[in-house]
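Below: the structure, in structure tokens.
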Amino acid sequence: MKPFPAWLGELGRRAVADALGAQAATGAAYDIALINFYDGDAHMGMHRDSDEKSAAPVVSLSLGDTCVFRFGNTETRARPYTDVELRSGDLFVFGGPSRMAYHGVRGCMPAPHRPGSAWPDG
């Protein structure tokens, strides 16, 4: 196994501090990354990461195509939820009480630079 890149851990710490305040980033060791690949037909049902034993905030880094990320509540997969468009390079942070919020991916759209993209330039 290759060592976890220090720059990626630092990116996670900075994202948490920017989103939740400096106190939220203390003591959190960002040294694990989960990489999901989604194509144009992809989706991931509403779920929460309740099997994880960490209370550290989650930092999601989007790469590639634009996806609609559905961020819900801690009680149910149903409403209320918010759909957020995440583009390549976007970071999404959730921690504290929202750490156990239901979340999922509603679908992805090809990036404008990709052949066959239906998105207009700009």
Could you grab me the full set of residues in the stretch 9-26 that are surrounded by 14 or more Cβ atoms within 10 Å (Cβ to Cβ) and of a type in the set (A, V, I, L, M)? Leu11, Ala15, Val16, Ala17, Ala19, Leu20, Ala24, Ala25
For Ala42, work out the one condition from (1) surrounded by 14 or more Cβ atoms within 10 Å (Cβ to Cβ); (2) closer than 12 Å to His103 by Cβ it doesn't fulfil. (2)
Quick check on my filter: what residues within the stretch 19-35 are in a helix (DSSP H, G or I) and without any contact (Cβ under 8 Å) to a residue 60 or more places away in the chain? Ala22, Gln23, Ala25
Given the condition of a type outside the set (A, V, I, L, M) and modelled with pLDDT of 90 or more, answer yes or no: does some residue in the stretch 31-41 qualify? no
Can you tell me which of (1) among the polar types (S, T, N, Q); (2) in a loop (DSSP other than H, G, I, E, B); (3) at pLDDT below 95 is the one Thr74 doesn't meet? (3)
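The values are calculated or read from the model by the stated rules, or taken from the named source; none is laboratory data. Everything quoted here is computed from the prediction, not taken from an experiment. As a convention, Cβ positions derive from the backbone with ideal geometry for all residues, glycine included, and neighbour counts pool all protein chains shown.
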